[in-house]
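Laboratory data are not the source of any read-out in this text; all were calculated from the coordinates shown. Here the structure is a predicted model, which means the values were calculated and not measured. Note: ideal-geometry Cβ built from the backbone for every residue, glycine included; neighbour counts use all protein chains shown.
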Amino acid sequence: MEEAKGVVKHVLLAKFKADIPPEKIVELIRGYANLVNLIEPMKAFQWGTDVSAENLHQGFTHVFESTFESVEGVAEYVAHPVHVEFSNLLLPALDKVVVIDYKPTFVKS
């Protein structure tokens, strides 16, 4: 196994509040995805909704994953005014949220 050199994944699990309309959720996701164009340390972004048959999601419905080149890049992203402004729109729409940053470990076959 080998830890990725510098690469850091920033994962956010979210459950939107029941009263947030689907159109608003789409708008927020588009805003989140656009951060990759506005904040230089953010190198990639992907997202999806839970499709697991295991039913272990604990109510979380969406996952958002951003890629950074370093822990320092994540810190710069978190403090960036555009991220702070977006967070002030996203967080009030969420019922539950968990954020985890990790350095991926690749398993060679």
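What to note about this one:
- Excluding same-chain neighbours fewer than eight residues apart, the aspartates and glutamates reachable from Lys9 by a Cα-Cα span under 20 Å are Glu40, Asp50, Glu65, Glu69, Glu72, Glu76, Asp101.
- Cα shape, region 44-89, gyration tensor, a/c 1.5 rule: prolate
- Relative packing of 75-87, 19-31, which averages over residues the other C-beta atoms within 10 Å, highest first: 75-87, 19-31
- Long-range amide H partners of Ile39 with built H, under 5 Å: none
- Taking the chain and dividing mean pair separation by its residue count, relative contact order in percent (alpha carbons under 8 Å, at least six apart): 51 percent
- Over the chain, the ratio between the Cα radius of gyration and 2.2 N^0.38 Å evaluates to 1.13.
- Checking the Cα-Cα distances for Lys24/Lys96; Lys15/Lys108; Lys43/Lys103 against a 23 Å cut-off, the pairs over it are Lys15/Lys108.
- Gain on full stretching of the segment that runs from Glu40 to Asp19 - 0.36 nm per residue minus C-alpha separation: 4.2 nm
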